[in-house]
């Protein structure tokens, strides 16, 4: 099983084309060989959960049976041809599931994974939640303080805010130097740890998923930067 996340950026004058693609891409994805789960995604502006959408930036997350299925999609799909014609940047990361818990639309897209306790390299983290409408005020009032701490956290490398529905279905995909750095931020960084406790106690989410993924390959750029091209995942 392999997981891909592709982020593309359109010129501002092509924002209507970008929005149209979110409807048009569904049909070819339904017929794509080897893809077991996919989500078309919008993006936030500041690399985390973000109430401000970036209408020039969009994403596609896919779960593939084999790496060959993903490579075939990259080479031959109508979606890839669309991106080459209309976007000015494309960044893709390919990962292997490490561990996950929770559900996404009632599914466990990354399976039930067994930890490789010998792994000690960079790690990608996907945090995704469907926020209850009655809890939106509490969720968004706590986002800025956590997002600010994320950028300066030890071991933090980069992140992108993604989501299916503005304000309600939100996710963050981040990359860290090590699993220990992720744990340090999640459970020992005060603001983040307190928010986690509140989400559990006050039942903010109707559904949530937390996954750790091993980065294998990264290609392309965002904002003109390579964002970890030629990543050494096992270092």
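Summary table
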quantity: Some residue of segment 11-31 being out of contact with any helix residue (DSSP H, G or I) (no Cβ under 8 Å at 6 or more places or on another chain), modelled with pLDDT of 95 or more, surrounded by 17 or more Cβ atoms within 10 Å (Cβ to Cβ) and not in a loop (DSSP other than H, G, I, E, B); calculated: no
quantity: Pick from segment 106-120, criterion over 19 Å from the mean Cα position of the chain (by Cα) and at pLDDT 75 or above, ranking: farthest from residue 218 (Cα to Cα); calculated: 118
quantity: Single unsatisfied condition, residue 77 versus (1) on the phi > 0 side of the Ramachandran plot; (2) without any contact (Cβ under 8 Å) to a residue 60 or more places away in the chain; calculated: (1)
quantity: Residue among 231, 196 that is in a loop (DSSP other than H, G, I, E, B), at negative phi, at pLDDT below 80 and over 14 Å from the mean Cα position of the chain (by Cα); calculated: 231
quantity: Test for residue 110: is it touching a strand residue (DSSP E or B) at 6+ places or on another chain (Cβ under 9 Å), in a helix (DSSP H, G or I) and in contact (Cβ under 8 Å) with a residue 60 or more places away in the chain; calculated: no
quantity: So residue 96, is it modelled with pLDDT under 90 and either out of contact with any strand residue (DSSP E or B) (no Cβ under 7 Å at 6 or more places or on another chain) or surrounded by fewer than 20 Cβ atoms within 10 Å (Cβ to Cβ) (or both); calculated: no
quantity: Which listed residue, of 88, 103, is within 19 Å of the chain's Cα centre (by Cα), modelled with pLDDT of 85 or more and exposed (fewer than 15 other Cβ atoms within 10 Å of the Cβ); calculated: 103
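The values are calculated or read from the model by the stated rules, or taken from the named source; none is laboratory data. Note that the coordinates shown come from a computational prediction; the quantities given were computed from them, not determined experimentally. Quick reminder, even Gly has a Cβ in these numbers, built from the backbone with ideal geometry, and neighbours come from all protein chains shown.
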